[in-house]
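Visitor: Provided herewith is a single structure, encoded as structure tokens, for subsequent inquiry.
Read-outs: derived from the displayed coordinates by stated rules, not from any lab. Note that the structure is predicted; figures quoted are calculated from it, not measured. Note that each Cβ is placed from the backbone with ideal geometry, even for glycine, and that neighbours are counted across all protein chains shown.
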């Protein structure tokens with residue numbers, strides 16, 4: 001049902017608008033009432049496009065899942081950013097998804113549709129958190145409050161984190177209401193109107209934002225995470241993944257597939273460093289992550305490479321797991337296995353409740369299962385990785401093993417991998433061969449939108465790629 005809905009979403013929205021405009025029984029100056037069920041699916045698709053395309057391309061190059069061979073992806077791969085690459089991202093987030101989510105909240109408050117309002121809060125918290133993690137201080141408190149505020153102030157990331165967690169807590173309270181109003185049903189492309197799954201996501205996202213700040217607020221993070229564990233209402237399996245499906249027809253395909261196969265096949269290669277890492281551990285996901293195009297091997301390209309890239313017909317290309325055979329893969333925004341990796345990290349670094357090894361094992365099993373690896377291959381791989389974990393001589397070494405596998409598991413969610421690498425330092429990446437940063441280091445943030453820089457006087461200076469965000473401390 002969800003797949004059919006997403007395939008038809010763009011054409012339905014477009015054709016319905018045209019037909020309604022031409023219908024003599026409708027007054028074009030008084031359009032049909034906008035209701036939350038009409039807006040919600042667009043917010044979910046918009047969010048998936050924002051993370052799945054531009055942000056994915058930028059961060060997947062930085063964390064060395066992909067390599068660039070031409071044009072903007074080559075610029076990302078060699079750390080030549082100028083702020084224009086953020087323009088569409090900020091437009092999609094602030095003028096698109098967040099504005100629509102605010103409409104849902106406002107309409108739902110008037111109509112008593114508590115469930116719709118709670119979903120809007122959860123998605124909004126996710127988007128604000130994603131944006132501040134990448135850019136640092138951003139418009140938050142004034143960003144959606146008044147149309148007359150054309151130049152909103154930039155809130156500190158610390159305050160934004162407090163606000164984001166409060167939004168999620170508020171959504172949890174709302175979902176406990178005895179009268180939730182209208183159920184979104186099929187208009188909810190993520191969970192089909194499941195209260196339980198939205199509740200679990202809201203609590204799991206709190207876990208995400210607490211672990212992200214563990215280095216500067218260890219006691220607060222540990223207490224909050226232990227409380228979430230004790231409540232027992234986190235994601236329970238891959239069926240709870242926060243993901244948005246795409247289709248196989250042109251215009252409805254996964255945006256990364258569209259870029260790699262339809263629009264810019266000559267610009268993209270798989271990072272040879274990533275391929276070599278998978279081969280070094282005999283990772284069974286190699287065959288579902290990539291296709292070797294009948295060459296008998298997986299040929300990638302070095303990040304920032306100076307030699308001529310392989311011919312298109314010889315390059316390994318993105319496979320079933322990240323984009324689907326014809327673009328139909330879901331964009332995984334946040335997953336159960338990501339949560340389990342977080343819990344392993346928390347147990348190792350903060351001493352939170354639960355066994356880190358068991359969390360790690362469960363995370364790997366879920367990630368391999370989501371990728372479609374057979375039970376036998378998954379068991380053999382997990383056994384090998386657990387042996388390495390058991391042989392580790394320190395918590396730091398155990399953390400490096402856990403985070404290396406999380407890095408592998410988050411192919412096609414470059415933002416998550418970028419956050420992890422900045423927070424933990426793992427895996428230990430070597431900068432691009434031809435880096436464009438002043439000191440030759442890997443970027444630790446993205447640049448502000450050039451449009452925002454030129455139009456908002458509250459943003460006086462462009463950020464620097466080598467300046468860490470608030471929670472990124474050694």
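Visitor: Please report 422, 357 as a ranked list, fewest other C-beta atoms within 10 angstrom at the top and most at the bottom.
Guide: 357, 422
Visitor: Could I ask something else about it? When only Cα pairs under 8 Å and 6 or more residues apart are kept, what is the percent relative contact order across the stretch 316-415?
Guide: This gives 30 percent for the stretch 316-415.
Visitor: Another question about this same structure. Could you give the nm distance between label points at residue 377 and residue 151, where each point is 7 Å from its Cα heading toward the beta carbon?
Guide: Placing both labels 7 Å beyond Cα along the Cβ direction yields 5.6 nm.
Visitor: Let me ask another. Quick one: check the C-alpha center-to-center distance for the stretch 403-457 versus the stretch 351-394, whole angstrom.
Guide: Taking the Cα centre of each part, the stretch 403-457 and the stretch 351-394 sit 26 Å apart.
Visitor: For the chain, what does the helix formula give at 222 nm: sum of -39500 (n - 2.57) over DSSP H segments with n ≥ 4, over the residue count, nearest 500 deg cm²/dmol?
Guide: Calculated mean residue ellipticity at 222 nm is -16000 deg cm²/dmol.
Visitor: Separate question: Can you put 50, 430 in order of Cβ neighbours within 10 angstrom, beginning with the fewest?
Guide: The most exposed by this proxy come first: 430, 50.
Visitor: On to the next question. Would you order 279, 406, 208 from fewest to most other beta-carbon atoms within 10 Å of each residue's own beta-carbon?
Guide: Starting with the residue having the fewest Cβ neighbours, the order is 279, 208, 406.
Visitor: Hey, any idea what the orientation-averaged projected area of the convex hull of the chain's Cα atoms comes to, in nm²?
Guide: Over every viewing direction, the Cα hull of the chain projects on average to 23.1 nm².
Visitor: What is the antiparallel percent of DSSP beta bridges lying wholly in the chain, to the nearest 5?
Guide: Of all bridge pairs located within the chain, approximately 90 percent are antiparallel.
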